[in-house]
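The structure appears right after this line, and notes come after that.
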Amino acid sequence: MAYASSGKASPVTTASGQGAGGSAPGSVRVIDFMRWRVVAVCTSLILVLGSVVSLGINGLNLGLDFTGGTLVELSYDKPVDIAGLRTQLEEQGYADVMVQEFGSTRDVLIRVPGGSSGMNPGDKISQLLTDSYAGTLTVNRIEFIGPQVGEQLRDQGGLGMLLALVLVMLYIAFRFQFKFSLGAVVALTHDSIVVLGFFSLFRLTFDLTVLAALLAVIGYSLNDTIIVYDRVRENFRKLRRSSLEEIIDVSLSQTLGRTLATSGTTMMVLLALYFLGGDAIKGFSLALLVGVGIGTYSSIYIASAMLVHAKLRREDLIPPDAANSAADDKN
């Protein structure tokens, strides 16, 4: 974004060449974001409704962390054929087994849902693979997660997400104003539902790493929303003759460069993790990829558009003490 070199304020021009009705701290090309807010809201409604329908029909493909089961970690002396290992276990009756690389091509992580193959499937699997392998195989760990523990983790994870949204709402209301907090929570809820719907639609495994990514998405999207809100509040004081839509367009245009740079570099790192980080963090990186993309969109078209629907006014940003003093001066 380019600001005028002189210290004087210059008019802000929109993408269509029309004035924004006020002056800004510098010249910046303004994009008419709010012109498309109805289309964006309709798109978001379709995404959210589609996600809810998918969650209602398919549910979430909960991982071992939530359903309970057995985890076996093995180390081979040579690179392992994951597909062949999975086929071997399926032929032995482990139909729902999950086999993935764990850090390297020689380390394997095997997950068996609880109750699918006896009381102690971990020992049976490790013994079966040891007997059928000609080289050296080391059993690093065998862990069992009971169904009650998995259910407790699932409930605590859901409560953690709800608590995070409530705390976000209180924080934004304290730092800005209640109408801002309403927009932020709607945007964060939108992001969470869409990410959950994505995992439900494609039947991707939802485990603790994905839940951690979902909480990280809430923090990432919140940070982006706060930056936009801070600029909106600042421009409310500077662009006194502009409408609410124009002020939001100016604020979004001023922060767009920073938003795209941050989101772009973050997604580059996440793409590297997804393709090169191994199966153990694929769900984590994929959830963050979807979340960062939808979070950037919601900061522009959900959180900001909610200010328009909530009919934010300049009076809403005046502290109560200042408002009472102004009223006393008039009297």
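For the range 87-244, what are the per-bin percents of Cα-Cα distances with bins 10 Å wide, up to the bin holding the maximum?
Calculated over all Cα pairs of the range 87-244, the distribution is 8, 26, 23, 17, 13, 8, 4, 1, 0 percent.
Between residue 162 and residue 237, what is the spin-label point distance in nm, taking each point 7 Å from the Cα along the Cα→C-beta axis?
With each label point 7 Å from Cα toward Cβ, the separation is 3.9 nm.
From the backbone phi of the range 83-93, what are the Karplus-calculated ³J(HN,Hα) couplings (6.51 cos²θ - 1.76 cosθ + 1.60, θ = phi - 60°) in whole Hz, Gly and Pro given as x?
Along the range 83-93, the couplings run 4, x, 5, 5, 5, 4, 6, 5, 5, 8, x Hz.
Would you calculate the separation in nanometres between label points at residue 315 and residue 279, each defined as 7 Å from the Cα along the Cα-to-beta-carbon direction?
6.2
Which translational diffusion coefficient, to the nearest whole µm²/s, is obtained for the range 182-331 from the Stokes-Einstein equation, given a Kirkwood hydrodynamic radius over C-alpha pairs, 4 °C and 1.567 mPa s?
D, rounded to a whole number, is 76 µm²/s.
Taking H as built 1.01 Å from N, whose amide H comes closer than 5 Å to the amide H of residue 63, not counting residues under 5 places away?
When sequence neighbours closer than 5 places are left aside, the close amide H contacts are 206, 207.
Report the extension gain between residue 83 and residue 46 in nm, rounded to one decimal, defined as 0.36 nm multiplied by the number of residues separating them, less their alpha carbon distance.
Residue separation times 0.36 nm, minus the Cα-Cα distance, leaves 9.6 nm.
What is the range 70-213's relative contact order, in percent, from Cα pairs under 8 angstrom and six or more apart in sequence?
This gives 23 percent for the range 70-213.
Assuming R0 = 30 Å, can you tell me the calculated FRET efficiency for the pair residue 139 and residue 203, based on Cβ-Cβ distance, to the nearest 0.05?
Computed FRET efficiency for residue 139 and residue 203 comes out at 0.50.
Could you calculate the FRET efficiency of residue 174 with residue 272 from 1/(1 + (r/R0)^6), where r is the beta carbon distance between them and R0 is 35 Å, rounded to 0.05?
0.40
Values in this text are rule-based calculations from the coordinates and carry no lab data. In this text, all values refer to a predicted model and were calculated from it rather than measured experimentally. Glycine also receives a Cβ, built like all others from the backbone with ideal geometry; neighbour counts cover every protein chain displayed.
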